[in-house]
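Undergrad: I'd like to ask some things about the structure below.
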Amino acid sequence: MNAVTTSETSSGAEQFLTFVLGGEEYGVTILQVQGIQGWDRVTPIPNTPDYILGVINLRGAIVPIVDLRRRFGMPAAEFGPTTVVIVVKVVNERGERTLGLVVDAVSEVCSVSAEARQPAPDFGSGIKTDFVKGLATVDNRMVILLDIDRMVSEGLLGSLSTH
Amino acid sequence: MTLDLTQFHDAFFEESFEALDMMEASLLKLDLGAPDAELINTIFRVAHSIKGGSATFGFSEIASFTHSLETLLDELRANRLQVTQAISDLLLKSVDAMRDMLRAVQAKKPIDSQRVADLQFDTEMILAQRNGAAAAPAEAAAAQGTSTSAAQSANASPAEGGSSTTTQAAASTPGTSERRWKISFRPYPELFARGNDPLRMLRELAELGTLNVEVDLDRLPSFDALETQNCYLAWNLELSGAVDEAAIRQVFDWAEGDCDLSITLESTAPPAEDITNYALIAEFDAMQAASGAPTHAPVAANAAAPAAPPAESAGAAPPPNALDASNAPAAPQADTAATAKVTAAAAPAPAETPARKPEPTVNPEPHHAPERVSKSEAAAASGIGDSGSIRVSVEKIDELMNTVGELVITQSMLSQLGRNLEGPAADQFRLGLAELERNMRELQDSVMRVRMLPISFVFSRFPRMVRDLAQRLGKQIELVMTGEQTELDKTVLEKIGDPLVHLVRNSIDHGIEKPEVRVAKGKSPTGHLRLDACHRGGNICVEVSDDGGGLDPARIIAKARARGLIGPNETVTDEQACELIFLPGFSTAETTTDVSGRGVGLDVVRRNVKELGGSIEVKNDPGRGARFIITLPLTLAIVDGQSIAVGKQNYIVPLISIIESLQIKQGSLNRIAGRGEVFAFRGDYVPVIRLHELFNVEPRSRELDEGLIVIVEGDGRRVGLFVDDLLGQQQVVIKSLETNYGHIDGVSGATILGDGSVALILDLPGIIRRASAGARAN
């Protein structure tokens, strides 16, 4: 965890797309974002965890859709007009994958300098911070920076795709 | 200037592997008794261009090895050596060695130099033996080509040249319509700079008929004004023979635009006077040497480049291909060193560029002046097997397929919209839509066809394999292949290779008997193995058949009993017995050989074929042979599917696995242990799988008699899928779920429907496995 944060802080300012999830603000590296689209019907896949809502057709490719609220154990919310799917690309040792994240709403693209970032605090065993890359302060708001690569390789899809 | 040659490596390897395949195919076609000259030429050209390429890229081991090979091939080509079994074997081994060397170089691994050295030694032994037997004439011929000075040979050639002309005249078969052409060939001074070599052209012309050459020295400037890079000579040629103008023009193809050329038909008179071609060509050599030599002293380095091309072709090996030619300027230093000492007497010597060093060989004169240089060598230089095709990566085609798929979806959305449209323009709009739909379908078909390759890509490996195996097992086998041009999808093609290899091996090892056995049975000693491919309906049929012993049902049954595959008292018909060989763990060979019987049985073949959505059956004719028939879908990218509905969800079931759909009657359902449901279907009890339970979706109805039962087969088992409804049948494009997600039990992929939504394609073996696992867990 330390190694990750130190290497990140040395890389200077980075741009993040921020979005709202249950009143909290999260950010993903803009470089990983492929696009944003409105919520539409998905095709459920049988026998998958509840946070995998299903798959959609994204320009001819079959892309899984993840409900981030359920993924983080938050109470499920009705999908409304602001509900959007952020399509992100994840690169790990198994290659490149595209997936969609369902969030309550997108807010903005902001630049986060190295100084404005700090490592995620340790809440002890109660709260899992595995997917949190760090915290940033943007206009006096706190933004939780997500480590999507890690989220995918550790448990999000990883456990399912191993068999 | 340093040119980064590594960027060309991939192309070189690719072309070389292809060329080696061609060489192998040609070698196998080579008839020992009466070898086809064109085949030998093909083989020679391959060796030659690989040599040239590898020398250019600095793969000296390959270049050196290929060079020995080329020398041997040259002997064969010139008919100085007969193609024997030993030579043919050696050449085949050399092909393997070259392939391995190229692979090693490609993977940047060390080359197995011992093996290469052994083969090279064998090659040179054959050459040495040949030379020992016919040393005198060979050397005479060799002497003419290489060692002596150009000037000398120009003077001293009447004797030698005379003899060579006689052979030449004998070689060129006098055609029925002898014609005499007058050709005026006046190259522009820059001819050399464009990589053209007049000598090569003259030789090619000499090949066409009897050539009379006259050099025109009018443009030759005074000595101090002479620029070595320029061509000052012009020629007046007279060519007699059964030649048409196109053939002559072809010789000058490459020089077009670099010369003034006029070709006129003189007469249809008999061949002209007997003037020796070689003397004249040698004269030209002398001229070249003369034009090159003087400037060596002041600017030796400068001289190297222009002197090299003509000198090279005058001297030793056949003229280089394009790659080879670039080699000369690439090694100016070495060349300069050699040419600095050039005297007129030694002019041709530097042609042996240090890049290909003389081989340590018993043969005193390994390099022979080529009697002729075929024009196809120029073609070989421009690319092997140029069949008007281009290389496209599969990704690009897949991208194209995706885009077309998207278009199809958009189009079907428009069509749906159009149906509900009203107003004056609606009809026209619908007409346009119909047109669009038709074009769309054509476009989709065309793109699909791009992925199709002829099955010869798979078949091509068999001649060699059959030959080697037959030799090893002491059998005589003739392989006949038909329908090699039958096209099928690349992915299917890649996966059908192994099963076919297995079947062919089986036929050779177990099917076809040894010659003595065959004779005793009253068959011809040579066994016949056939590979046939053809289209049948929407499928492709591949048959492997032999006229060997066929399957012995009695033995199969005995074996199956011994293995416990069938009960001791079970009666089995002959046809059922033949099916038994596809069971896991079955092999009837008395002894396992290294050819087949390595624990991989026909069950694997069947599984592979099934995975491709195909089927395999065997037609047995005991004592007279067996026929294995594989039926495959044309493509893996598309499947004929049946849409089914469960609750709000639609799924696609591959049509090929559906046996029947029926509505179940109350009372035909039975329960086992209160839980497992089975129903009677044609005398069998078929278990019911409730898809809604398995996939955890809310169905419209849980009552079996309110929905439908789709009887499907997977992994050899039949089950009834309980679904709410059957929707339409359609062809669907299969998309992978694993690209972005992962494997899901019971789902083989997904497809995009006409409205843009995604439907999952069911994997029936997976569903059956899952259902039975679930039943056991309960």
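The values are calculated or read from the model by the stated rules, or taken from the named source; none is laboratory data. Values in this document were obtained by computation on a predicted structure and should not be read as measured data. Virtual Cβ from ideal backbone geometry, glycine too; neighbours counted across all protein chains shown. Only protein heavy atoms, including side chains, enter the accessible area calculation; ligands, DNA and RNA are left aside. Shrake-Rupley method; radii C 1.70, N 1.55, O 1.52, S 1.80 Å.
Undergrad: In square angstrom and rounded to 100, what buried accessible area do you get between chains A and B, total over both, with the probe at 1.4 Å?
TA: Values: alone 8800 and 38560 Å², together 45310 Å².
Chains A and B together bury roughly 2000 Å² of accessible area.
Undergrad: While we're on this one: Please say if the stretch A:22-69 is rounded, prolate or oblate, where rounded means a/c under 1.5 for a ≥ b ≥ c the square roots of the C-alpha gyration tensor eigenvalues, and otherwise the choice is prolate for a/b larger than b/c and oblate otherwise? Write out the running numbers ahead of the final one.
TA: Working: a/c = 2.11, a/b = 1.26, b/c = 1.68.
Oblate is the answer for the stretch A:22-69, as a/c is 1.5 or above yet b/c matches or exceeds a/b.
Undergrad: Read phi for every residue in the stretch B:81-89 and hand back ³J(HN,Hα) as whole Hz from Karplus 6.51 cos²θ - 1.76 cosθ + 1.60, θ = phi - 60°, with x for Gly and Pro.
TA: In residue order, the calculated couplings are 9, 8, 6, 10, 4, 4, 5, 4, 4 Hz.
Undergrad: Please identify every one of the GluC sites (Glu not before Pro) in the stretch B:213-265 that sits in a loop by DSSP and has no more than 16 other beta carbons within 10 Å of its own beta carbon. It would help to have the intermediate numbers written out before the result.
TA: Working: sites: B:GLU214, B:GLU227, B:GLU238, B:GLU245, B:GLU256; in loops: B:GLU227, B:GLU256.
In loop regions of the stretch B:213-265 (DSSP not H, G, I, E or B), the sparsely surrounded GluC sites (Glu not before Pro) are B:GLU227, B:GLU256.
Undergrad: What is the mean projected area of the alpha carbon convex hull for the stretch B:425-578, to one decimal in square nanometres? Mind showing how you got there, number by number?
TA: Numbers: hull surface 58.5 nm².
Result: a mean projected hull area of 14.6 nm².
Undergrad: What does the C-alpha gyration tensor say about the overall shape of the stretch B:654-778? Classify as rounded when a/c is under 1.5, otherwise prolate if a/b is larger than b/c, or oblate. Walk me through the numbers before you get to the answer.
TA: Details: a/c = 1.86, a/b = 1.54, b/c = 1.21.
Prolate, because a/c is 1.5 or more and a/b exceeds b/c.
Undergrad: Could I ask something else about it? Using R₀ = 45 Å, calculate the FRET efficiency as 1/(1 + (r/R₀)^6) where r is the Cβ-Cβ separation of B:ARG438 and B:ASP96; round to 0.05.
TA: Numbers: r = 51 Å, r/R0 = 1.14.
Efficiency, rounded to the nearest 0.05: 0.30.
Undergrad: Equivalent-ellipsoid semi-axes (√(5λ), Cα gyration tensor) for the stretch B:690-756, whole Å, largest first?
TA: On the way: eigenvalues 108, 50, 38 Å².
Equivalent ellipsoid semi-axes, largest first: 23, 16, 14 Å.
Undergrad: Determine, for each peptide in B:29-36, B:408-415, the mean count of other beta carbons within 10 angstrom over its residues, then list the peptides with the highest first.
TA: On the way: B:29-36: 12.5, B:408-415: 16.1.
Most protected by this proxy first, the peptides run B:408-415, B:29-36.
Undergrad: What are the extents of the Cα atoms of the stretch B:397-467 along their three principal axes, in Å, largest first?
TA: Computed over the stretch B:397-467, the largest-to-smallest principal extents equal 72, 19, 13 Å.
Undergrad: Let me ask something additional. Mind checking B:509-520 for the average number of partner chain beta-carbons within 10 Å of each residue's beta-carbon? Let's see the in-between values first.
TA: Values: counts 0, 0, 0, 0, 0, 0, 0, 0, 0, 0, 0, 0.
The mean count of partner-chain Cβ atoms within 10 Å per residue comes to 0.
Undergrad: Any idea what the relative contact order of the stretch B:419-537 is, in percent, if you count C-alpha pairs under 8 Å spaced at least 6 apart? Please list the in-between numbers first.
TA: Details: 112 pairs, mean separation 35.3, N = 119.
Over the stretch B:419-537, the number comes to 30 percent.
Undergrad: Decide, for the stretch B:607-726, between rounded, prolate and oblate: order the square roots of the alpha carbon gyration tensor eigenvalues as a ≥ b ≥ c, take rounded if a/c falls under 1.5, and otherwise choose prolate if a/b is larger than b/c, else oblate. List each step's numbers first, then the result.
TA: On the way: a/c = 3.01, a/b = 1.64, b/c = 1.84.
Verdict is oblate for the stretch B:607-726.
Undergrad: What residues have an amide H closer than 5 Å to that of B:CYS231, excluding those fewer than 5 places away on the same chain, when H is modeled at 1.01 Å from N in the peptide plane?
TA: Here B:GLU190, B:LEU191, B:PHE192 satisfy the definition.
Undergrad: Show me, for the stretch B:461-476, the HN-Hα J-couplings you get by feeding each phi into the Karplus relation (A = 6.51, B = -1.76, C = 1.60, θ = phi - 60°), rounded to Hz, glycine and proline as x.
TA: Each residue of the stretch B:461-476 in turn: 7, 6, x, 5, 4, 4, 4, 5, 5, 4, 4, 5, 8, x, 10, 9 Hz.
Undergrad: Oh, and also: Within 10 Å of each Cβ in A:52-59, how many Cβ atoms from other chains are there, averaged over the peptide? All intermediate terms of the calculation are to be shown ahead of the outcome.
TA: Numbers: counts 3, 0, 3, 10, 4, 13, 2, 4.
Per residue, the average neighbour count from other chains is 5.
Undergrad: Sticking with this structure for a sec: For the stretch B:1-60 and the stretch B:664-701, compute the distance between their C-alpha centroids and round to whole Å.
TA: 64
Undergrad: Whole-Hz Karplus ³J(HN,Hα) for the stretch B:46-62, in order, using 6.51 cos²θ - 1.76 cosθ + 1.60 and θ = phi - 60°, x for Gly and Pro?
TA: 4, 4, 5, 6, 5, 4, x, x, 5, 5, 4, 8, x, 8, 5, 5, 5
Undergrad: What is the distance in Å between the Cα centres of the stretch B:186-214 and the stretch B:613-653?
TA: That distance is 61 Å.
Undergrad: What do you get when you divide the Cα radius of gyration of the stretch A:3-156 by 2.2 N^0.38 Å, with N the number of residues? Walk me through the numbers on the way to the answer.
TA: Details: Rg = 15.3 Å, N = 154, 2.2 N^0.38 = 14.9 Å.
With N residues counted in the stretch A:3-156, Rg over 2.2 N^0.38 Å equals 1.03.
Undergrad: What residue among B:LEU76, B:ALA107, B:PHE59 has its Cα farthest toward the positive end of the dipole of the stretch B:55-120, where the charges are +1 on Lys, Arg and -1 on Asp, Glu, each on the Cβ?
TA: The listed residue farthest towards the positive side: B:ALA107.
Undergrad: Right, here's the next one. Debye sum, Cα scatterers, the stretch B:1-92, no solvent: what log₁₀ I/I(0) at q = 0.26 1/Å?
TA: -1.36
Undergrad: Let me ask you something else. Mind checking which lysines have their C-alpha under 17 Å from B:LYS396, skipping anything on the same chain fewer than 8 residues away?
TA: B:LYS396 reaches B:LYS490, B:LYS735.
Undergrad: If you don't mind, another one. Binned at 5 Å from 0, what are the whole-percent values of the Cα-Cα distance distribution for the stretch B:40-115, short to long?
TA: 3, 16, 27, 25, 15, 9, 3, 1
Undergrad: Okay, moving on. Would you mind telling me the antiparallel percentage of the DSSP bridges in the stretch A:3-156, rounded to 5?
TA: Details: 42 of 47 bridges.
Around 90 percent of the beta bridges assigned by DSSP in the stretch A:3-156 are antiparallel ones.
Undergrad: Sticking with this one: In peptide B:738-751, how many Cβ atoms from other protein chains are near each Cβ within 10 Å, on average? The partial results should precede the final answer.
TA: On the way: counts 4, 7, 16, 13, 13, 4, 9, 3, 2, 3, 0, 1, 6, 2.
Per-residue shielding by partner chains comes out at 6.
Undergrad: Further question: Sort B:464-473, B:420-429 by packing, meaning the average of other beta carbons within 10 Å per residue, with the highest value first.
TA: Numbers: B:464-473: 16.6, B:420-429: 9.7.
Sorting B:464-473, B:420-429 by mean packing, highest first, produces B:464-473, B:420-429.
Undergrad: Something else: Can you give me the Rg/Rh ratio for the stretch B:200-254, using Cα atoms for both radii and the Kirkwood formula for Rh? Could the numbers behind the result be given before it?
TA: Details: Rg = 13.8 Å, Rh = 12.8 Å.
A ratio of 1.08.
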